[in-house]
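Notes to accompany the following structure.
Bear in mind these aren't lab numbers, they're just calculated from the coordinates by the rules spelled out. Values in this document were obtained by computation on a predicted structure and should not be read as measured data. Every residue, glycine as well, gets a Cβ built from its backbone with ideal geometry; the counts of neighbours run over all protein chains shown.
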């Protein structure tokens, strides 16, 4: 996936693996767990994410995201989105040094990320108990920059997530989204 991050005061849009692999992991492929989410309640203090939260945050752009409602006949997918706009999800990035590559190799560092999540009961019509932590354009600079402290960053995520969540809508989509073999714009079309 692609994510916006800031390095040396410059914004970039690198391709990043989803599934966080800490820099201290012994093997990028075999590392377990590879969390895809980091809880807002512990992201700043967890041994897994603390360093990335302090120094390597990102914004993951998306049209929306899926959540599932468990029914007797299976998992019912819903597409959650902001009508007429895109979403900016807050994330943390890890840079893992590939020991098989020389120090000057541009492919030495493999990037991975996790999206920060929070309680979803603030979103009208939300179908799951967790949702991504969101940012508005007003918060991008503070989130990607290095001037804000931990408490300020957490307060920013809380405040901006509430603002974005108030405008979220969701609708049921076809169960074909339940398989990673399926891809395409038809997967976000309303079922009804």
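Numbers at a glance
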read-out: Restricting the stretch 46-68 to residues that are surrounded by fewer than 13 Cβ atoms within 10 Å (Cβ to Cβ) and out of contact with any helix residue (DSSP H, G or I) (no Cβ under 9 Å at 6 or more places or on another chain), the residue that is farthest from residue 185 (Cα to Cα); value: 47
read-out: Tally, over the stretch 100-151, of residues that are surrounded by 10 or more Cβ atoms within 10 Å (Cβ to Cβ) and in a helix (DSSP H, G or I); value: 8
read-out: Failed item, numbered, when residue 84 is tested on (1) touching a strand residue (DSSP E or B) at 6+ places or on another chain (Cβ under 9 Å); (2) at positive phi; value: (1)
read-out: Residue match in the stretch 27-47 (condition: within 16 Å of the chain's Cα centre (by Cα) and farther than 21 Å from residue 165 by Cβ); value: yes
read-out: Among residues of the stretch 50-84, those that are more than 21 Å from residue 9 (Cβ to Cβ) and in contact (Cβ under 8 Å) with a residue 12 or more places away in the chain, counted; value: 18
read-out: Qualifying residue in the stretch 157-168 (condition: touching a residue at least 40 places away in the same chain (Cβ under 8 Å), over 30 Å from residue 12 (Cβ atoms) and surrounded by fewer than 21 Cβ atoms within 10 Å (Cβ to Cβ)); value: yes
read-out: Considering residues of the stretch 74-89 that are under 15 Å from residue 2 (Cβ atoms) and in contact with a helix residue (DSSP H, G or I) (Cβ under 8 Å, 6 or more places away or on another chain) only, the residue surrounded by the most Cβ atoms within 10 Å (Cβ to Cβ); value: 88
